[in-house]
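See structure below.
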Amino acid sequence: MLIRLDTSRVLIELERHSPKTVLIVAPDGLLKMAYELASTLEARNVEVVVSGEACYGACDLKEDAAEAIKADMILHIGHGLRESRAGKKTCFIVAEDDVEFNKVIEKAVQSLKQFSKIGLYTITQHLHKLSEVKAFFEKYGFKVETNDGGKLSYGQIIGCEFQPAYSVKDDVDAFVFLGQSRFHAVALMLSTGKPTYMLDPYLEEVIDVSPLAEDYWRRSLLAVYKARDAEKFGVIIGLREGQMKLHHVKRIREGLAKHGKSSILIAMRDISAERLNTFTWFDAFIQTACPRISIDGAGFNKPVLSTPQAYALLNLLEGKDIENFLRTPTWI
Ligand code: SF4
C-alpha cells in the first residue's frame, strides 16, 4: 500500500497564496507524510508548523490554531470534501491510497449475485478508484448507482454524512462500501436501511455488515432508553469548528426542559470517558459534536447520546415511535 499526496496541488496553492507560514494538519496515520511535506516546504523558505493535535476528519479544521500562530494557510492532508477549500485558510490536500480492488471485487460478485442494482460508495482515499470499480461491476451485469450530495463528492461518504448514498437508497437493492472501515460501512447501512457489503482490499475480504449494524443499532437504542430516566444532563458543545452545532444544542435543551430535565452546557474539544467521568453529578450526557463518539462506543459508564440519539430521546419522552432514528442522511 502506498499513499500518494497530491503534491502538485500543494505547489499550486503555494504559488497562488505565497504564504510565509503554513500549518499542516493531518490524521495520526499521515503525520509522517506531514513531516516530509514540512521538509519540502521549508526548502522553499516557507515556515511550517505541524499540528500535533489529533485530527479526526474534515470537520476538524484548526483555523483557530492557525489564527493563534499567525499561519497564512492550512494544508489539511488526508481528508476532503467536494469543495477543496474550507474556512478562511484551509486547503484540503488529497492523499490517495493506491491499493487495488480487483481481487476483492471478483469475490464480491459471488456474494452480491442476489442483487441486480447496487450503490457504490467509499471514503476520500479511495475515491479515485470509484469509476474503475464501477466499470468492473457493470461488466458483470450490475446496475451501479453513485451520486454526490450535500457537501460530499460523487461516491463519497464520511462518518456522519451519507447524503450521496441516501439519495439513491430507493433505487438500489444493496450498497457496496469500498475500504477497510467497518464503522463507515455500518453507518452506511444504518443510514440507508439497505444491506451493505464492505469490500476490504487489504485483506481481500467481502463482509456483510448486517450483524454488526444490528449490534450498533441495539447499543445506540439502549443508550437512548437508559437516558430516559436521567434527570440531570450535561449537553456538550464540540469545540472543533465543523462540530459546533449550536442550533441542535438550543433545540435539545428546550426539549429537555419541556420534560422537566435540567441541563448545563459544557464546551469540549476531546470528548472521552476519562474527561466525562470528572463530571460525576450528571446522570447522562448529550454531545452534539461527532456522532461516532457515541455510536462507535467509547467505554462510557453513563449514556452519552449523539445528536440523532438526543432527538430520539425527545421523541421517546413525547411518547412517539423512535424506530429507525438513525435512518437519516446526516447524523450531525
Ligand atoms: S464529525 Fe466525526 S464522523 Fe463527522 S467528519 Fe468529523 S470526525 Fe468524521
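We did not get these values from a lab; they are worked out from the coordinates using the rules stated. Computed from a predicted structure; not experimentally measured. Note that each Cβ is placed from the backbone with ideal geometry, even for glycine, and that neighbours are counted across all protein chains shown.
Here are some notes:
- Calculated from backbone phi, Karplus (6.51, -1.76, 1.60) coupling profile of the range 145-158 in Hz, x at Gly/Pro: 10, 9, 7, 10, x, x, 9, 9, 6, 4, x, 9, 10, 10
- Each of Y166, Y121 has some number of other Cβ atoms within 10 Å of its Cβ, and from fewest to most they run Y166, Y121.
- Separation of the W281 and D98 label points, Cα + 7 Å toward Cβ, nm: 5.8
- Counted by neighbouring Cβ atoms within 10 Å, the residues W217, W331 run from fewest to most as W217, W331.
- Sequence-distant contacts, meaning Cα pairs under 8 Å at least 6 residues apart, place the relative contact order of the range 3-95 at 35 percent.
- Arranged from fewest to most other beta-carbon atoms within 10 Å of their beta carbon, L5, L61, L31 become L31, L5, L61.
- The range 273-329: trypsin sites (Lys or Arg not before Pro) in DSSP coil with no more than 11 other Cβ atoms inside 10 Å: K320
- Every helix of 4 or more DSSP H residues in the chain counts as -39500 (n - 2.57), and over all residues that averages to -10000 deg cm²/dmol at 222 nm.
- Under the Karplus curve 6.51 cos²θ - 1.76 cosθ + 1.60, θ = phi - 60°, whole-Hz ³J(HN,Hα) for the range 267-277, x wherever Gly or Pro sits: 10, 9, 9, 10, 9, 10, 4, 4, 5, 5, 5
- Modelled FRET efficiency - R0 51 Å, R44 with D148, Cβ distances, 0.05 increments: 0.90
- Annotation for R218 and L203: the two label points, set 7 Å from Cα along the Cα-Cβ direction, are 2.1 nm apart.
- Euclidean distance between Cα centres, the range 225-272 to the range 94-124, Å: 38
- Inter-label distance for Q114 and D321, nm, one decimal - labels placed 7 Å from Cα along Cα-to-Cβ: 2.5
- Take every pair of alpha-carbon atoms less than 8 Å apart whose residues are at least six positions apart; their mean separation over the length of the chain yields a relative contact order of 13 percent.
- In terms of distances greater than 30 angstrom between alpha carbons, the cross-link table entries K143/K245; K232/K320; K103/K194 yield K143/K245.
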